[in-house]
Amino acid sequence: MNIIRIGIDLAKYSFALCGVDQHDQVVLQRSLKRDELLTFFANLPPCLIAMESGTGAHHWARALIRLGHDARIIDARFVVPYRKQGKTGKNDLNDAAAICEAAGRPTMRFVPVKESDQQAILIVHRMRASYVTEHTRVSNQIRGVLAEFGVVVPKGITALKRRWITLRQNCADQVPSLAWAEIDKLYQRLLDLHQSILAYNRQISAFVREDTRAKQLTLISGIGPITASAIVATIGDGHLFRNGRQFAAWVGLTPQQYSTGGKQRLGRISKRGNTYLRTLLVHGARVELVHTAKRTDRKSRWAEKLKASKSWNKTSVALANKHARIAWALLAKGQAYQLTPERSAH
């Protein structure tokens, strides 16, 4: 039995396998329990093993790579077109066959297999993002409760914190004491969340100081420690992308195409891929655009020229796209970032 490619449908306790030979003929279809999986592959000659992205995918991919196999992860959305829609319906063996079929396509794109340290820092990012969301929610809740009693606070968490002491004193009689007791609890929760976010920021900064790749990315104006660490933790060395444009497209910073008959029509950005990375890159580009007018390097002059003909939002996305490409080049080619100065008029 000469197996060259296997698709695995991952689960908690039971795993379905489908393998094919060099002629793409199915030669293996079986199910294994969790404690049997690595033993089975340890006794199998090295081959390509594919699985859908999801819970545990990176763990199993790392374990299979250590056994000498070529383990790859596929975005679940790319597997759907290869799933057979027959009378048998959806089951684990059909899913494994679809994964195996998808992995054999020459143009298939795979998810970078993350090391355990990469997953660890991404957990920090996810926890920080959830605290930031709750921080905003509590702030809006305080503002909404105060509005019920005719106390209007300007938008923004900073404005709320800056005016809190004065607000608490001046409106003490306007809001019932029972309501103030609950509002005070909410405000204390807001302060606790802020301290937690700062703690996560310190963890991320420590990671960047120790990781030479992330430290190199922070040299790009518009990419800070949070964005740099998220990029490194997500794509590693970036070798699964052929070029910077492919990485930018994977993040969702390239326009959708409606081209036909030789006419090229570009629409809005696709917003595919990693929403978190795209958000960080765009927000970083927005901040960078505030300062480009004062700078003379090539990137800033390009941004200023684009700003003169396009809207602020479009320019921000275009600059975020450029930052993504530069970041990929630094990671994939191991280059040092060099800011290109303004050319002399002479």
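Read the figures in this text as sums done on the coordinates, not as results from a lab. Computed from a predicted structure; not experimentally measured. With ideal geometry, Cβ positions are generated from the backbone for all residues, glycine too; neighbour counts draw on all protein chains shown.
Would you work out the relative contact order for the range 117-210, in percent, from Cα pairs under 8 angstrom that are 6 or more residues apart?
On the way: 43 pairs, mean separation 44.7, N = 94.
Normalised by residue count, the contact order of the range 117-210 is 48 percent.
For the range 254-307, what does the alpha-carbon gyration tensor say about shape, rounded, prolate or oblate, given a ≥ b ≥ c as the root eigenvalues, a/c under 1.5 as rounded, and a/b over b/c as prolate?
Because a/c hits 1.5 or more and a/b fails to exceed b/c, the range 254-307 counts as oblate.
Expected output is a single nm value to one decimal: the length gained when fully extending between Ala120 and Ser14, i.e. 0.36 nm times separation in residues minus the C-alpha distance. What is it?
Stretched out fully, the Ala120 to Ser14 stretch lengthens by 35.6 nm.
Could you pull out the longest piece of the chain with no exposed loop GluC sites (Glu not before Pro) in it, calling a site exposed if DSSP puts it outside H, G, I, E, B and it has at most 13 other Cβ atoms within 10 Å?
With GluC sites (Glu not before Pro) excluded where exposed in loops, the chain gives 149-341 as its longest stretch.
Nearest 5 is fine: what % of DSSP beta bridges in the chain come out antiparallel, could you say?
Of all bridge pairs located within the chain, approximately 65 percent are antiparallel.
Test of the criteria: in the range 249-290, which trypsin sites (Lys or Arg not before Pro) are in a DSSP loop and have at most 14 other Cβ atoms within 10 angstrom of their Cβ? Can you show the working numbers first?
On the way: sites: Lys263, Arg265, Arg268, Lys271, Arg272, Arg278, Arg286; in loops: Arg265, Lys271, Arg272.
Loop-located and lightly packed - Arg265, Lys271.
Using 1/(1 + (r/R0)^6) with R0 = 25 angstrom and r between the beta carbons of Ser270 and Ala159, what's the FRET efficiency to the nearest 0.05?
Computed FRET efficiency for Ser270 and Ala159: 0.10.
Looking at the range 150-234, which trypsin sites (Lys or Arg not before Pro) are in a loop (DSSP not H, G, I, E or B) and have at most 13 other Cβ atoms within 10 Å? Provide the component values of the computation, followed by the final result.
Numbers: sites: Lys155, Lys161, Arg162, Arg163, Arg168, Lys185, Arg189, Arg202, Arg209, Arg213, Lys215; in loops: Lys155.
Qualifying residues, ordered by number: Lys155.
To the nearest 20 debye, what charge dipole does the range 117-210 have about its Cα centre, counting +1 at the Cβ of each Lys and Arg and -1 at the Cβ of each Asp and Glu?
Its charge dipole is roughly 260 debye.
Quote the charge dipole size of the range 212-333 about the Cα centre in Debye, to the nearest 20; the model charges only the Cβ of Lys and Arg (+1) and of Asp and Glu (-1).
420
Let me spell out the model: positive unit charges on the Cβ of Lys and Arg, negative unit charges on the Cβ of Asp and Glu, origin at the Cα centre of the range 5-103. What dipole size does that give, in debye rounded to 20?
Details: 13 positive and 11 negative charges, 45 e Å.
Its charge dipole is roughly 220 debye.
Can you classify the range 132-266 as rounded, prolate or oblate using the Cα gyration tensor, where a ≥ b ≥ c are the square roots of its eigenvalues, rounded means a/c under 1.5, and otherwise it's prolate if a/b beats b/c and oblate if not?
Since a/c reaches 1.5 but b/c is at least a/b, the shape of the range 132-266 is classed as oblate.
In degrees between 0 and 90, to the nearest 10, how far off the longest principal axis of the chain does helix 225-235 point, with axes built from Cα atoms?
Its long axis makes an angle of about 10 degrees.
Placing +1 on the Cβ of each Lys and Arg and -1 on the Cβ of each Asp and Glu in the chain, which of Ser311, Thr218, Tyr258 has its Cα farthest towards the positive end of the resulting dipole?
Working it through, the farthest residue towards the positive pole turns out to be Ser311.
Taking the Cα centre of each part, how many Å lie between the range 27-47 and the range 58-129?
Taking the Cα centre of each part, the range 27-47 and the range 58-129 sit 16 Å apart.
With r as the distance between the Cβ atoms of Asp237 and Thr296 and R0 = 41 Å, compute the FRET efficiency 1/(1 + (r/R0)^6) and round to 0.05.
On the way: r = 32 Å, r/R0 = 0.79.
Efficiency, rounded to the nearest 0.05: 0.80.
At 20 °C and 1.002 mPa s, what whole-number value in µm²/s does Stokes-Einstein give for the translational diffusion of the range 212-333, with Rh from the Kirkwood sum over Cα pairs? Write out the running numbers ahead of the final one.
Values: Rh = 14.8 Å.
Value of D from the Cα-based Kirkwood radius: 145 µm²/s.
Compute the longest continuous run of the chain that contains no exposed chymotrypsin sites (Phe, Trp or Tyr not before Pro); treat a site as exposed when its DSSP state is not H, G, I, E or B and it has at most 12 other Cβ atoms within 10 Å.
In short, 14-257.
Could you check which residue among Gln335, Gln119, Gln22 shows the biggest mean-square fluctuation in a GNM of the chain with a 10 Å Cα cutoff?
Comparing Gln335, Gln119, Gln22 in the GNM, the peak value goes to Gln22.
Past 18 Å, Cα to Cα, is the threshold; run Lys271/Lys307; Lys299/Lys322; Lys12/Lys33; Lys84/Lys271; Lys90/Lys271; Lys305/Lys333 against it and keep the listed order. It would help to have the intermediate numbers written out before the result.
Numbers: Lys271/Lys307 22 Å; Lys299/Lys322 9 Å; Lys12/Lys33 9 Å; Lys84/Lys271 28 Å; Lys90/Lys271 29 Å; Lys305/Lys333 29 Å.
Beyond 18 Å between Cα atoms: Lys271/Lys307; Lys84/Lys271; Lys90/Lys271; Lys305/Lys333.
Quick one: go through the range 226-246 and flag any residue whose amide nitrogen is under 19 Å from the point 7 Å out along the Cα-to-Cβ line of Gln203.
226-235
Which of these, Ser177, Ser116, Ser300, has the largest mean-square fluctuation under a Gaussian network model of the chain (Cα springs below 10 Å)?
Ser177
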